[in-house]
Each structure stands twice: as C-alpha cells, then as structure tokens.
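S.K.: Handing you this structure, nothing more for now.
The values are calculated or read from the model by the stated rules, or taken from the named source; none is laboratory data. As the structure is a prediction and not an experimental result, all values here were calculated from the model. All Cβ positions, glycine included, derive from the backbone under ideal geometry; neighbour counts span all protein chains shown.
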Amino acid sequence: MLKVEIHFVDGGLMNTTEGDVFWRRLIELQGYGLEGKALIHDLITDDWGPPPRFVHVSGTLEDGTKVDQTIPCR
C-alpha cells in the first residue's frame with residue numbers, strides 16, 4: 001500500500017492511500033515524459049482550492065518493492 005501526501009502552497013496537507021495501480025500509472029505517465037504539474041494533473045487531479053507544492057508517494061508495493069518519490073509541482 002502506498003501513502004500519497006499532497007502538500008499545498010497554503011501549508012495544507014491531504015493524505016490518501018493507493019494501491020499498486022497508482023504506482024504503475026505514475027511510471028507510465030513519466031515514461032510519456034510528463035512531470036511536475038502536468039504529471040500531478042493526469043495522475044490525481046487539479047481540482048483543489050490552493051495548488052499543490054509537491055506530492056510525495058511512499059510505501060511498499062505488493063511484490064515488496066519500496067518506493068519513495070517526490071513530484072514537485074512546477
């Protein structure tokens with residue numbers, strides 16, 4: 001299970017948990033060359049009040065692989 005933390009410019013924080021499908025989609029989108037704001041928009045959404053500063057994804061996949069990645073929103 002993965003922990004997804006969305007850190008907003010106003011200091012707010014939103015936490016959610018996601019499964020392996022989320023990670024596979026993240027890797028797929030990065031393979032298409034998406035990064036930053038475009039990556040966050042396609043992966044999660046951009047329907048927030050304050051915009052995110054960054055998204056942090058961490059945890060362990062079902063196969064035991066540890067993941068820890070920060071996606072800056074630029």
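S.K.: Do you know which of the residues in segment 8-43 that are small (Gly, Ala, Ser) and in a loop (DSSP other than H, G, I, E, B) is farthest from Cys73 (Cα to Cα)?
M.R.: Gly19
S.K.: On to the next question. Taking segment 44-61 on its own, how many of its residues are under 14 Å from Glu5 (Cβ atoms) and assigned to a loop (DSSP other than H, G, I, E, B)? Show your work before the answer.
M.R.: Narrowing segment 44-61 to residues under 14 Å from Glu5 (Cβ atoms): 44, 48, 52-59.
If we keep only those that are assigned to a loop (DSSP other than H, G, I, E, B) as well, we get 44, 48.
So the count comes out to 2.
S.K.: Continuing with this model, one more query. Could you give every pair whose Cβ atoms fall below 8 Å, whose first residue belongs to segment 29-43 and is in contact (Cβ under 8 Å) with a residue 24 or more places away in the chain, and whose second residue is surrounded by 14 or more Cβ atoms within 10 Å (Cβ to Cβ) and part of a loop (DSSP other than H, G, I, E, B), counting only separations of at least 6 or pairs across chains?
M.R.: Once the first residue is in contact (Cβ under 8 Å) with a residue 24 or more places away in the chain and sits in segment 29-43, its partners that are surrounded by 14 or more Cβ atoms within 10 Å (Cβ to Cβ) and part of a loop (DSSP other than H, G, I, E, B) give Gly36/Cys73; Lys37/Cys73; Ile40/Cys73.
S.K.: Here is a check on your reading of the model: is Arg24 out of contact with any helix residue (DSSP H, G or I) (no Cβ under 7 Å at 6 or more places or on another chain) and either closer than 15 Å to Lys3 by Cα or hydrophobic (A, V, I, L, M, F, W, C) (or both)?
M.R.: Taking the combined requirement at face value, the residue satisfies it.
S.K.: I'm checking my understanding of the structure. Among residues of segment 17-57 that are surrounded by 17 or more Cβ atoms within 10 Å (Cβ to Cβ) and not aliphatic (A, V, I, L, M), which one is modelled with the lowest pLDDT?
M.R.: Looking at residues that are surrounded by 17 or more Cβ atoms within 10 Å (Cβ to Cβ) and not aliphatic (A, V, I, L, M), I get Pro52.
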